[in-house]
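> Below is one structure. I have some questions about it.
The values are calculated or read from the model by the stated rules, or taken from the named source; none is laboratory data. Since we're looking at a predicted model, the values are computed, not measured. Heads up, the Cβs are rebuilt from the backbone with ideal geometry, glycines too, and the neighbour counts pull from every protein chain shown.
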């Protein structure tokens with residue numbers, strides 16, 4: 001009968017100490033990985049008031065008044081027991097809601113239940129429910145508890161209490177299933193011993209979760225109440241065997257725990273638990289006629305046997321999981337080593353100015369090359385084409401929806417196609433030419449024409465020359481007024497196309513593994529540098545087109561007078577009336593040679609093609625005669641103009657209007673087909689293809705090392721990187737020790 005005697009101390013015997021130490025080291029290894037390791041855990045399930053909370057206190061080795069607050073009925077409670085030989089008084093801390101941090105120790109330990117109730121009430125007040133599946137986490141460090149985790153779940157109920165939601169029973173059932181479902185968790189199913197096996201209300205839940213009872217331990221709680229009904233051995237043995245209700249492989253345990261709550265200390269609580277085990281065994285041996293089958297059922301009687309059985313099962317769980325756990329530990333060690341090497345590399349790169357400058361220069365050159373290629377050669381990549389814009393989308397993106405002075409414009413070619421880069425640039429140029437071609441010579445007030453003609457007449461011009469001069473002035477003025485807004489609009493549209501192309505090059509064409517991508521401040525400065533380049537191109541282009549417009553108006557005015565109208569003109573006074581051309585920035589190639597403006601190139605080509613000749617200089621007598629004739633004719637025209645009262649288009653003003661319209665049409669055609677396209681392309685594409693990378697590099701790299709590094713390291717960033725590297729090093733070192741410990745201890749289990 002000696003084998004049925006319980007050991008002197010269930011909590012402090014030598015075997016328990018060895019197990020606690022082994023579990024403590026193994027648990028430390030497992031906790032280092034959070035949920036990545038399947039830590040053996042225990043889930044207690046059963047009906048309300050079946051004794052789950054009291055059983056939890058028995059495992060802990062101290063009481064915290066669970067039953068008084070009924071905390072197990074509304075939220076799961078995860079109790080993480082940590083064996084700490086130095087903690088003679090329990091240290092209990094609750095994990096904060098939505099945080100991994102734990103609060104201060106709860107003193108005394110009997111106040112734990114009240115703190116749990118307060119946390120539960122506050123949470124349910126926020127959610128508006130009567131139960132919640134969100135668990136409460138309690139960490140208990142104590143010299144007399146094992147290293148294991150027990151999850152106390154709300155008890156099953158058949159009907160909601162008054163004031164609770166009708167779905168409460170189903171809600172509890174579902175949350176319990178979720179907690180018991182993971183395969184690494186042992187299920188403790190508690191049922192009061194006063195309930196017959198055939199009348200079990202919740203056995204079907206266990207059968208659903210674990211059909212073969214491979215990870216389920218059945219516990220008949222409050223066994224002292226049932227023993228009062230036994231009188232003979234056959235009654236005891238029949239109940240203990242659960243024959244016909246549980247399979248032969250299922251071994252239920254029969255536990256009775258103290259009901260007295262007014263114990264003075266936790267030590268008394270532990271002593272009473274062991275005393276209760278002895279009393280139950282004594283009654284079965286001496287108060288039942290014939291006793292009971294001790295060989296068969298003795299190891300299943302009492303909390304002490306249950307505790308030792310669970311410790312052995314947990315040891316088996318650790319042994320079974322050891323190979324996979326070791327493999328996971330080794331894999332994680334390798335990952336941490338790689339992370340540590342990467343942190344070292346980043347820290348070195350962050351402090352190496354030369355390497356950063358080299359990498360940044362390569363980045364700028366690559367990006368400028370991609371941009372130039374997309375803008376000049378086009379983008380054929382399907383991945384990029386999908387990010388192109390239709391004409392309508394392009395107009396909306398840059399906020400320029402209508403060409404100035406052109407109320408209606410036919411849809412340009414390829415308007416519905418999503419284009420980008422060079423294709424979008426050419427489509428915009430074509431749209432500009434179409435818009436210019438739609439311009440018509442506007443109505444000119446008769447008073448305006450009269451003012452010009454009479455002013456020229458009073459200055460001594462002959463009639464024909466005054467009309468021609470007036471027509472030229474009116475035509476030029478209208479051409480400047482209508483063409484200049486269109487040119488400005490075209491410049492803005494083309495700039496928008498270039499900005500869009502740059503963004504596509506940055507976001508989609510640049511390789512994802514480019515080392516400069518993570519540096520936000522540097523890329524922001526690079527973007528600002530590009531915007532500055534585009535702004536300078538716009539400014540230079542605006543000056544060029546204004547100059548070209550002045551040149552175009554003067555040149556074609558002379559061509560019309562000589563070739564089309566065959567009127568005499570010495571050209572001297574007309575040349576004096578041309579406004580001075582503003583100073584123009586000279587384009588240079590990479591070798592530093594001046595590049596002629598596009599219009600100069602165009603004019604040179606026309607001169608070589610047509611071989612125009614300059615009229616011979618007339619003699620002084622001829623010039624005097626001409627001036628005398630023009631003077632007389634001019635006075636006659638002036639007097640006639642003062643007497644004329646006719647509408648525009650009648651009399652001599654109709655001739656001026658006709659000549660002005662001819663000047664305007666020739667200027668419009670020259671600007672749309674020759675001057676403007678060449679100037680716009682040269683002002684944008686030439687700098688992009690030849691000098692964009694240089695301009696960006698000058699802006700970005702002509703700085704001191706301190707200024708340059710400010711884009712890569714914010715204040716204190718190096719210190720943060722050092723701290724991160726050191727933390728990884730400590731974690732890697734600790735992880736290797738955990739792996740070695742686990743390897744050693746797994747052989748000892």
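> State yes or no: is residue 135 in the same structural domain as residue 78 (by TED's automatic domain parsing) and touching a strand residue (DSSP E or B) at 6+ places or on another chain (Cβ under 6 Å)?
Working: in the same structural domain as residue 78 (by TED's automatic domain parsing): yes; touching a strand residue (DSSP E or B) at 6+ places or on another chain (Cβ under 6 Å): yes.
Judged against the criteria, residue 135 is a match.
> Specify which of the listed residues (54, 89) is touching a helix residue (DSSP H, G or I) at 6+ places or on another chain (Cβ under 8 Å) and within 30 Å of residue 216 (Cα to Cα).
Just one listed residue meets the conditions, 54.
> Would region 19-36 turn up any residue that is modelled with pLDDT of 80 or more and not in a loop (DSSP other than H, G, I, E, B)? Show your work before the answer.
Step one: of region 19-36, the residues modelled with pLDDT of 80 or more are none.
Within region 19-36 (the criterion being modelled with pLDDT of 80 or more and not in a loop (DSSP other than H, G, I, E, B)), the answer is no, since none of the residues qualifies.
> Please enumerate the residues belonging to region 670-701 that are farther than 18 Å from residue 494 by Cα and at pLDDT 85 or above.
Selection gives 693, 694, 695, 696, 697, 698, 699, 700, 701.
> What about residue 340, is it in contact with a helix residue (DSSP H, G or I) (Cβ under 7 Å, 6 or more places away or on another chain), crowded, with 17+ Cβ neighbours inside 10 Å, more than 30 Å from residue 183 (Cα to Cα) and at pLDDT 80 or above?
Yes: the conditions hold for residue 340.
> Within region 319-424, which helices (runs of 4 or more DSSP H) (wholly inside it) include 2 or more residues that are in contact with a strand residue (DSSP E or B) (Cβ under 9 Å, 6 or more places away or on another chain)?
391-398
> Something else now. So in region 299-312, with the set limited to residues that are in a helix (DSSP H, G or I) and in contact with a strand residue (DSSP E or B) (Cβ under 6 Å, 6 or more places away or on another chain), which one is nearest to residue 741 (Cα to Cα)?
Here the answer is 306.
> OK, next. Within region 41-158, considering only helices (runs of 4 or more DSSP H) that don't extend past its boundaries, which have at least 2 residues that are crowded, with 21+ Cβ neighbours inside 10 Å?
Hits in region 41-158: 52-60, 112-127.
> I need the full set of residues from region 199-258 which are part of a loop (DSSP other than H, G, I, E, B), under 17 Å from residue 282 (Cα atoms), free of Cβ contacts under 8 Å to residues at least 60 places away in the same chain and in contact with a helix residue (DSSP H, G or I) (Cβ under 7 Å, 6 or more places away or on another chain), in order please.
Answer for region 199-258, where residues must be part of a loop (DSSP other than H, G, I, E, B), under 17 Å from residue 282 (Cα atoms), free of Cβ contacts under 8 Å to residues at least 60 places away in the same chain and in contact with a helix residue (DSSP H, G or I) (Cβ under 7 Å, 6 or more places away or on another chain): 230, 256, 258.
> Assess whether residue 483 counts as being touching a helix residue (DSSP H, G or I) at 6+ places or on another chain (Cβ under 7 Å) and either within 30 Å of residue 678 (Cβ to Cβ) or buried (at least 18 other Cβ atoms within 10 Å of the Cβ) (or both). First the steps, then the outcome.
Working: touching a helix residue (DSSP H, G or I) at 6+ places or on another chain (Cβ under 7 Å): yes; either within 30 Å of residue 678 (Cβ to Cβ) or buried (at least 18 other Cβ atoms within 10 Å of the Cβ) (or both): yes.
In short, yes.
> In the list 487, 483, 510, 526, which residue meets the criterion of being at pLDDT 80 or above and under 30 Å from residue 366 (Cβ atoms)?
It is 526.
> Then there's this: When residues of region 315-337 are filtered for being surrounded by fewer than 14 Cβ atoms within 10 Å (Cβ to Cβ) and under 30 Å from residue 257 (Cα atoms), how many remain?
Selection size over region 315-337: 1.
> I'm checking my understanding of the structure. Among residues of region 426-445 that are at pLDDT 85 or above and not in a helix (DSSP H, G or I), which one is surrounded by the fewest Cβ atoms within 10 Å (Cβ to Cβ)?
That would be 440.
> Quick check on region 370-379. Is at least one of its residues surrounded by 19 or more Cβ atoms within 10 Å (Cβ to Cβ), modelled with pLDDT of 80 or more, more than 27 Å from residue 692 (Cβ to Cβ) and touching a helix residue (DSSP H, G or I) at 6+ places or on another chain (Cβ under 6 Å)?
No - not one qualifying residue is present in region 370-379.
> Is it the case that some residue within region 169-179 is assigned to a loop (DSSP other than H, G, I, E, B) and either in contact with a strand residue (DSSP E or B) (Cβ under 8 Å, 6 or more places away or on another chain) or within 30 Å of residue 106 (Cα to Cα) (or both)?
no
> Here's something else I'd like to know. Of the residues in region 401-425, how many are within 13 Å of residue 489 (Cα to Cα) and either surrounded by 16 or more Cβ atoms within 10 Å (Cβ to Cβ) or not assigned by TED's automatic domain parsing to the domain that holds residue 369 (or both)?
Total meeting the criteria: 3.
> Please find, among 201, 186, 190, the residue that is surrounded by fewer than 17 Cβ atoms within 10 Å (Cβ to Cβ) and in the same structural domain as residue 154 (by TED's automatic domain parsing).
201
> Let me confirm something: among 268, 312, which residue is within 29 Å of residue 53 (Cα to Cα), surrounded by fewer than 14 Cβ atoms within 10 Å (Cβ to Cβ) and outside the structural domain of residue 496 (by TED's automatic domain parsing)?
Values: 268 fails: surrounded by fewer than 14 Cβ atoms within 10 Å (Cβ to Cβ).
Only one candidate qualifies: 312.
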